[in-house]
Each structure stands twice: as structure tokens, then as C-alpha cells.
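What follows is one structure encoded as C-alpha cells, with my remarks underneath.
The values are calculated or read from the model by the stated rules, or taken from the named source; none is laboratory data. Since this is a predicted model, take the numbers as computed values, not measurements. Cβ placement follows ideal geometry from the backbone for every residue including glycine, while neighbour counts extend to all protein chains displayed. Ligands, DNA and RNA are excluded from the accessible area calculation, which covers all protein heavy atoms including side chains. Shrake-Rupley method; radii C 1.70, N 1.55, O 1.52, S 1.80 Å.
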Amino acid sequence: MRRKQLQRLACDGEASTFLTLTIQNDGSKSEAEAARLLSRGWTLLRKRLMRRHNLTALPFLAVFEAHKSGFPHLHIILRMKFIKQSEISALWLELTGSSVVDIRAVKSRSAVAWYVAKYIGKARGRFEGCKR
């Protein structure tokens, strides 16, 4: 039921961008530490993007997912003008020490529904000290 609600919310929200943020697994952090760094990094990245691009809001829906290794990454659906991957990657590197960023434009409402169903439907990553 929650998956359907989130699909409806994402589709009605006119999402424009898919963003995936990753912390590189160099062996120096636990999964929980990486998840906290992802969460904090995403908060700071949002604030910087809003400031740089004069945005008063940056609506999003985000979900943690664990790689097969157990290491986290964050899938995000956003409503914003498209920003170059190189800009986000440079900011992400500055904030987290990782430059692994995937950004794609949303092509259709059905793509948003599919994206939400795919990542919300999977077992969500639960990491100590972070919300689902």
C-alpha cells in the first residue's frame, strides 16, 4: 500500500530528475558510517544546489538501497532543472570524498512510477542512525 502511495506522490509531483549517490567502499568505513555520510552529504548537497541555483525548495523522494556487498547508496527523485553531472560530482567529492554520481532526466511519468516501484519494492537498506 505504501509503495502505491509513493508512486502516486512521485508521479503527481512532476519529478524531472533521477539521481543516485554513492560512497566508495575503500574499506575505511562501516556500512552504517557510509550511510550516515550519505545522509549528511545529501543534506549539504541539497543546500548547496539550492543556494547556487537560487531555489527556494528542492522537492525530492529518496530511498537507501544496499549493494549486494551491503554498502549503501541513495536513489533520489527530484523536481529541479537539470544540472550537469560534473557539477554534482564535484560537489559530492568535496562533501563526501566520493565522486560517484549518476543523474538522468525523467522522460515520462511512467518512468517515475517504474523507478519508485523498483527501489521502494526492494528490501530497503536499513542502516544504523539513518531513516529508511
Q) Regarding G27, is this residue without any contact (Cβ under 8 Å) to a residue 12 or more places away in the chain and among the small types (G, A, S)? A) yes
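Among the residues of segment 29-38, is there at least one that is small (G, A, S) and open to solvent by 60 Å² or more (accessible area, probe 1.4 Å)?
Here is the first cut: in segment 29-38, the residues small (G, A, S) are 30, 32, 34-35.
Filter once more, keeping what is open to solvent by 60 Å² or more (accessible area, probe 1.4 Å): none.
The answer is no; no qualifying residue exists.
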Q. What do you reckon, is L21 surrounded by 13 or more Cβ atoms within 10 Å (Cβ to Cβ) and either touching a Ser or Thr at 6+ places or on another chain (Cβ under 7 Å) or in a strand (DSSP E or B) (or both)?
A. yes
